[in-house]
Structures are given as structure tokens and as C-alpha cells.
Amino acid sequence: MPHLEVVKGLHKVWEARKDFPILERQVNRKPLVYLDSAASAQKPQVVIDTINQYYSNEHSNVHRGVHYLSQEATTSYEVVREKVQRFINARNNYEVIFTKGTTDSINLVANSFGKANLQAGDEVIISAMEHHSNIVPWQMICEEKGATLKVIPMNEAGELDVVAYADLLSDKTKIVAVVHISNSLGTVNPVKEIIRRAHQKNIPVLLDGAQAIHHTKVDVQDLDVDFYVFSGHKMYGPTGIGVLYGKEEYLNAMPPYQGGGDMIKSVTFEKTVYNDLPHKFEAGTPNIAGVIGLGAAVDYIEDLTVEAMASWEEELVNYAIEKLSVLEDIKFIGQAKNRASVVSFLVNGLHPYDIGVILDKLGIAVRTGHHCTEPIMDKFGIPGTVRASFAFYNTKDDIDKLIEGVNRAIDMLK
Ligand code: PMP
């Protein structure tokens, strides 16, 4: 029998589905079954209302005006920085930098840290299961600097080879950048171990938390991670907003990524004095509405608790695997022991795209293709997968409909 608090938490999570107006709509004249939350999660009414309220009543530019509205907007914006600080347990609020999202945060670190620290002959370590967002920025800076990208291999189950990783670490390694939870395979990586081993050689670690921040409790001090990045839109917040957490000592030593307003203390034609953290990395008018909407999403998650959400999602993943397993010719891509929130699969003889199209006709939204992780598909020698990804607002009924849909696709296509 689960603990009473867990049961109470789960009831709250089940009831929270009604907070998402889009889940009531029809698609192709069928009730929507949304199984694509790993690409982008839906938004609760409170996030929508908060953004609406901001634009209706409070909008003004931040950090610039003495007037009332500007000060009010600045306060609301900075309050969210403290909210995010508490949410991820950062030591200081100025270690939280607002960006456009995960991709933008990684580009910031690759460019700024890379510019200051990479030289010809140096190495950057990533893993075999990275999203393109955590491959390409590193490739670009390595090419510019004459550095080399090293890749931690993974096994057939989709688990990283930690022993091979330890062998890759050397005096040449300047940074390790690894995904916390894989968006294609659902693998939860042993990130504490990855960080511990890198720190033995004084190498900083960046974790791509795009799929983790809303599926597991993230405590950056406990992880002792040096950079942690995530996107608002995956965690029930708006698009176009994200976070770069960085340890003060690293962020302070890094040059600005972009120049412009807000990131300066003073400008003459001869010299610019840069602003302190966090503003040094927030050039130009920021996504104020996005930040304020992100704050509402953080409140929303904290109210339901990541633990309760994750426990229901785990049940959904296990239920989906159990139900899919009995289908003929099913093949799972990614069978890590420690996994979360996504199930990637193929039906032998069928193209994932064709399955996706038939599911769509039934109102079921799944993702098909390479999921911005082409090297994973190359490793398994496949064009792509069908990926069902789950959020706490999904139900077992959604999964039953998915199974019916896949069966229908098999009947039609085989
Ligand atoms: N990393 C991972 C693991 C992701 O799942 C995603 C989004 N699919 C990204 C990075 C990129 O996130 P964004 O597009 O929000 O920048």
C-alpha cells in the first residue's frame, strides 16, 4: 500500500488534467490524445492567464524606467529568477540566466566558455545519445578552435558506458556535456557519477536537462553540476524562454555571449564595461512575458510536486511497455533499466511515419522520425522511431487508444 502522502499527491495529479484546456479539443473529429509532451508540453490555464494578465495590465520594459510600470515589471521578472533559484536549489539568484531555451543556453556556454578555454588539441566530451542541440554547438566551436569532440559510447539498451567515459577523460578534456534524460530513449543517465569522475580531474560538466527538469527533482548543488540547462516549454511554461544555471566562478570568468543593452555598465566608443551577473548574459530586451509565464509554471509544478508527477508518469511508461509488448513484431528502441517518460518503438516492416499518419487520423499525436538525435538512429541502423511521450496529464485510457491505433495501423499497412 503506497504511503498516504503519495496517494494524496496522485489524486491531485489526476485532477490536474482538467487544468489543460487544449486536452478537451478534438483533432480529426476525435478527442485529442496528446502523446508528444517530450517535444513540447501543454500549458495549464494558470500559465495562460498569467501571460494574459501581464500583457493586459503590467507590460513595460524591465531594468530601465523609473516609472511605476517598469519597476513593477522588473520586480515580477526578478521574482521569477529567485523562484527558479529555489526550484533548482542554486546557491545564488545571479547564477540563473534567462535564455531562449535549452538550445540557446548550450550555444551560450559553447561560445563563451569555448572562446575562453578551448585551444587546438583540446577535447570536449559529449555522449552518443545527445540531442542535436548538444552536438552541433560543440562541433562548431571545436572546429573554430581546432579542438576534438569525443563521444561516450552506449550499449544496445541505450545506456552509457561509464568505464569508456572514464578512459576518455584526460588533461586535454576541457568540458563534458551530457544529456540528463534522453528524449529519444528515455534513458536516465548516471549524472552524479559522470560529474564525480570529471571533477576528479577538475573538468566542468554541463547537463542538458530539457527532459529532466519536470520529470525528476533537480538540485544543482547536490548534483554539484557546473552548468544545467532547460526550456520553459517542456515544463508546462511558454515557448521562447529557458534557463542556463551556471556556477558563479565559471560564469564570472566567461566573456559575454552577445553585446547590447542591459549587459553593460558603461559604453564609450573606446571601451565598454560589462555588467555583473546575471545581466552580463542577458543582452537586449528579454522575453519578459516568457519569464513571468515560466514563474507560473514553476509554481504549478511545485504545487503538484515533481515527485507525484513522476510517480504517475512511471506508471504510464510501465503500462505502455506492458501493452505494447504483446503486439506482434514490436521492437523497442531504448530499454535502459533507469528510464523515464518516453517509449520509442518500431513495428517490423512498417515505416514509423506511416504509423504516425494513421495515429494522427485517430486524433493521436505521437512523434515519428529521428527526434533530433540522428546519431542514435544511425547506431541502431533505423530511419527513426515512433515515440510516445508522457506527461502527468496523460491517462491509461490514452495508452489504450494508442494500442488500438497501432493495431489499426498494423491491419492497414501489413
Ligand atoms: N535537448 C533535449 C534532450 C531535448 O529533448 C530538446 C528538445 N527536444 C532540446 C535539447 C532542445 O530544446 P529546445 O528546442 O527547447 O531548445
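The values are calculated or read from the model by the stated rules, or taken from the named source; none is laboratory data. Values in this document were obtained by computation on a predicted structure and should not be read as measured data. Positions of Cβ are generated from backbone atoms using ideal geometry, with glycine treated the same way; all protein chains shown enter the neighbour counts. Note: accessible area is taken over every heavy atom of the protein model, side chains too, but ligands, DNA and RNA are not part of it. Shrake-Rupley method; radii C 1.70, N 1.55, O 1.52, S 1.80 Å.
Relative contact order, whole percent, for the chain stands at 23, derived from Cα pairs under 8 Å and 6 or more residues apart.
Under the convention that each Lys and Arg Cβ holds +1 and each Asp and Glu Cβ holds -1, the size of the dipole of the range 184-254 around its Cα centre is about 180 debye.
Each label point was placed 7 Å from the Cα along the Cα-to-Cβ direction; for Val6 and Arg64 their separation is 5.2 nm. Within the set Lys361/Lys396; Lys100/Lys337; Lys18/Lys323; Lys43/Lys115, which residue pairs have Cα atoms separated by over 29 Å? Among Lys361/Lys396; Lys100/Lys337; Lys18/Lys323; Lys43/Lys115, the Cα-Cα distance tops 29 Å for Lys100/Lys337; Lys43/Lys115.
Taking only protein heavy atoms into account and a 1.4 Å probe, give the accessible area per residue of the range 48-303 in Å².
Values: 10250 Å² over 256 residues.
Value returned for the range 48-303: 40 Å² of accessible area per residue.
Across the options Ala116, Ala157, Thr272, the greatest Cα extent toward the positive end of the charge dipole of the chain (unit charges at beta carbon of Lys, Arg, Asp, Glu) belongs to Thr272. A DSSP coil position with no more than 10 other Cβ atoms inside 10 Å describes the following trypsin sites (Lys or Arg not before Pro) in the range 276-379: Lys337.
Antiparallel beta bridges, as assigned by DSSP with both residues in the chain, represent about 60 percent of the total such bridges.
With each run of n ≥ 4 DSSP H residues scored as -39500 (n - 2.57), what mean residue ellipticity at 222 nm is computed for the chain after dividing by its residue count and rounding to the nearest 500 deg cm²/dmol? Could the numbers behind the result be given before it?
Numbers: 14 runs with 166 residues, N = 414.
After summing the helix terms and dividing by residue count, I get -12500 deg cm²/dmol.
When Lys and Arg each count +1 and Asp and Glu each count -1, what net charge do the other residues less than 12 Å away from Ile126, Cβ to Cβ, add up to? Show your work: numbers first, answer last.
Working: positive: Lys150; negative: Glu123, Glu130, Asp208.
Computed value for this residue: -2.
Note on Lys265: lysines with a C-alpha under 17 Å away, same-chain residues under 8 apart excluded, are Lys280. Among Val225, Tyr245, Gly261, flag the residue with its Cα farthest along the positive direction of the charge dipole of the range 213-286, charges on Cβ as +1 for Lys/Arg and -1 for Asp/Glu. Of the options given, the answer is Gly261. Placing unit charges on the Cβ atoms only, positive for Lys and Arg and negative for Asp and Glu, gives the chain a dipole magnitude near 360 debye about its Cα centre. Kindly state, to the nearest 0.05, the FRET efficiency for Glu404 paired with Arg17, given R0 = 22 Å and r defined as their beta-carbon distance. Approximately 0.65, to the nearest 0.05.
Each residue of the range 29-41 is assigned a 3J(HN,Hα), and the resulting list reads 6, 10, x, 5, 10, 9, 10, 9, 6, 5, 6, 6, 8 Hz, derived from the Karplus form 6.51 cos²θ - 1.76 cosθ + 1.60 (θ = phi - 60°), x at Gly and Pro.
Please report the carbon-and-sulfur percent of the accessible area for the chain; probe 1.4 Å, protein heavy atoms only, DNA, RNA and ligands left out. If you can, show how the numbers build up before the last one.
On the way: 8980 of 17910 Å².
About 50 percent, which is the carbon plus sulfur part of the accessible surface.
Taking Met412, Met263 and ordering them by how much accessible surface each has at a 1.4 Å probe, largest first, produces Met412, Met263. Working note: Karplus 6.51/-1.76/1.60 with θ = phi - 60° gives the range 89-102 the couplings 6, 6, 5, 10, 5, 6, 8, 9, 10, 7, 10, 7, x, 4 Hz, where Gly and Pro are set to x. Stretching Lys323 away from Lys379 to a fully extended chain increases their span by 17.5 nm, per 0.36 nm per residue minus the current alpha-carbon distance.
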